[in-house]
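Structure, as structure tokens:
The values are calculated or read from the model by the stated rules, or taken from the named source; none is laboratory data. All of these numbers come straight from a predicted model, not from anything done at the bench. Virtual Cβ from ideal backbone geometry, glycine too; neighbours counted across all protein chains shown.
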Amino acid sequence: MPIITISRQYGAAGRPIGRALAERFGAEILDREIVALVAERSGVPEAEADGYDERLPSLWQRIGAALAASSPEVAVPPLPSGVTPASAIQERLTAITRAVIEEAAARGNAVILGRGGVFIVGRRPDAIHVQLHASLDARVRYLLARVEEIPLDAKPDDASLRSLCESLDQARANYIRRLFGKDWQDSRHYDLALDTGRLGIAASVDIIEATVRRATAPAATVVTDAAAATATTA
């Protein structure tokens with residue numbers, strides 16, 4: 001069963017595309033669910049994970065406090081010697097997040113949004129890595145049409161949403177660079193990169209689904225399809 005990772009610019013429709021793909025494949029979806037699981041393992045009530053995104057530090061600060069108190073729910077590797085408390089907490093949070101994503105990948109048939117999933121899952125025959133992007137104008141239009149996705153502290157006007165997109169993109173880039181030493185916008189990390197502003201949500205879902213089904217199909221099926229196409233054009 002396929003594993004789909006989705007890296008996305010803010011406002012590039014990552015959440016509806018990810019959930020639509022999960023429905024089509026009958027797959028597990030991991031978006032905010034990732035941080036909810038991390039919070040649970042760290043001793044923080046799952047309800048506090050609602051509304052979490054990579055940009056928000058408050059939840060991680062709470063988790064960090066629980067870790068510092070040696071919460072018994074946490075099952076992570078011991079701290080290395082010579083590591084400062086702040087970096088140690090960060091390393092332990094990263095270990096929990098990685099474990100949650102690796103466990104989902106091991107189960108198979110999962111759609112993983114963000115959180116460095118592309119770098120944690122890595123290259124494997126059953127994994128397809130997707131990057132979603134769109135122009136700033138398209139992303140602002142998307143957010144204006146879906147105000148429920150805008151953080152409560154953000155103003156739903158053009159200038160504020162432009163600034164929000166830029167700041168969250170930078171926060172996500174910093175998150176990936178800090179944890180994985182990678183540039184998440186480098187297309188070489190992905191099997192498929194789509195401009196969702198031009199294609200729209202429905203077409204993007206269709207393209208990703210078709211790509212995943214073909215790329216993860218048994219070799220014999222692909223060969224048969226190719227032979228049939230050749231016979232048709234002969």
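Table for the structure above
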item	result
Residues (over 14 Å from the mean Cα position of the chain (by Cα) and either crowded, with 16+ Cβ neighbours inside 10 Å or in a loop (DSSP other than H, G, I, E, B) (or both)) located in region 181-192	G181, K182, D183, D186, D191, L192
When residues of region 120-170 are limited to those that are under 17 Å from the mean Cα position of the chain (by Cα) and farther than 23 Å from E102 by Cα, the one surrounded by the most Cβ atoms within 10 Å (Cβ to Cβ)	A134
Residues of region 100-114 classified as in a helix (DSSP H, G or I) and either under 16 Å from A22 (Cα atoms) or at pLDDT below 90 (or both), total	5
Residue count for region 193-222, restricted to those that are outside any helix (DSSP H, G or I) and in contact with a helix residue (DSSP H, G or I) (Cβ under 6 Å, 6 or more places away or on another chain)	2
